[in-house]
Ligand SMILES: [Zn+2]
């Protein structure tokens, strides 16, 4: 019964095909719609898997039911490509077609125009057996899709600036920055037309924070720990931290240890949510004396973290400052960890106080974090070994003290823990001044931002300059090209120069004259995409972060 119905169906199909070309024409129309939808919705990113599958099915069906006609292929291809080029040119001449930026406007408009070409093409071939033109039509439609992708970012973005700090310690005046796709292609004072006029502001590379905990947040109960928090609430709070950090002018951060960093990093990289570029250590190595393990066991642990796709290794070689900051890893253990990481080309960031500063330096670790109680000899040793030093003077402890009631009673956030942190404040300020006087010591910018500090990362810059006495240009470089160098990313980020990522911010004010200008971030571009532009308006306040 079923078999006979199938036979009947297939007979119907073939007789239809013989009488007229309606089913094939329907297929062609469906095919055209598929391509058009795919082109309109997906040309800026990737054609989604769903559409790709649809297209594959259609194309294979077309192959089975038609024979090739090379002349018609060529004609259709030529006609569509010519029309495509004409409509691209035509639409690029039209201004204010939509609110889309210029780089997207032309391809999108031309997509619409090219789509209008389809009914005309079908009408023109009305009398012809549709089977004969279907292959040509397929190729023609392909030709419509690909130029849209190829030309999607054709027009450069031009930023006009009166003052540019290039991130390497130089100042450029009255120039223009030309951006194509995600990168800076040239600095050209005569480039035009201007897309973003940032004259009157100070333009510089997006800042880099070498030490954050971007996933740490206060729960719905307002405290640093909330056992009733749902995964959804946690995810939103983390996403908010990423947004605040980006709005604060930080286009890259190094998050030093949380499993949630990975999905956050990957979502931001896919431009699914806004946030800074993230490098992460995932799971840090926590020193616990002998209980940490033998050097062999430590090497095995590093192997595991490296295999998980970590961007760097974070090591806790000292107790918390709230517990006195004594060493938790021996010289042998530290050497095992840092040399093993080096085998994978991974950098090592070591949380270190007191003697651990010296031990981490001798172990060949990349960067020392905090460093409280380090001696002048320790600082000189770091300079000799080329270790980067990331001290904190302006945000992390102040943030704990400002939010004491949100932390108190959790873990080692005890009364005595807070007393220890208060004592550390002047010690850290003194350490920073001594570090500045140490010849050749590479001081990078890192805040150790935890819950409550996201979006206020630039406060650390203010304290380093205003209270610590750092030269403001050196402070800017420490959060730009030097920070990038510490991450081996100097060819990618941290400077305004051709070939680098277009991570560009602008401040209302000149930080070289008034360091508090770092609070007034008026423009944020990351990888060529603008996330904030209030160049000619008041600077908004986000989640209590005062501009
Ligand atoms: Zn930290």
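The numbers here are math on the coordinates, done by the rules we state, and not lab data. All figures in this text were calculated on a predicted structure; none of them were measured in a lab. Don't worry about glycine lacking a Cβ; one is built from the backbone with ideal geometry, like all the others, and counts go over all protein chains shown.
The table for this structure:
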{"read-out": "Peptides ranked, highest mean first, by Cβ atoms within 10 Å: ranges 514-523, 248-257", "value": "248-257, 514-523"}
{"read-out": "Sequence of 493, 313 once ranked by neighbouring C-beta atoms within 10 Å, starting from the fewest", "value": "493, 313"}
{"read-out": "Rg to Rh quotient for region 281-329, alpha carbon positions, Kirkwood Rh", "value": "1.01"}
{"read-out": "When the convex hull of its Cα atoms is projected in every direction, mean area for region 288-434 (nm²)", "value": "9.0"}
{"read-out": "Pairwise Cα inverse-distance average, inverted: Kirkwood Rh of region 216-293 (Å)", "value": "13.8"}
{"read-out": "Of every Cα-Cα pair in region 390-547, the percent that sits beyond 29 Å", "value": "24"}
{"read-out": "Equivalent ellipsoid, region 364-415 (semi-axes from 5 times Cα gyration tensor eigenvalues, Å)", "value": "30, 11, 10"}
{"read-out": "Inter-label distance, nm, simple model (7 Å from Cα along the C-beta direction), residue 474/residue 271", "value": "3.9"}
{"read-out": "Sorted largest first, extent of region 464-535 alpha carbons per principal axis (Å)", "value": "34, 31, 16"}
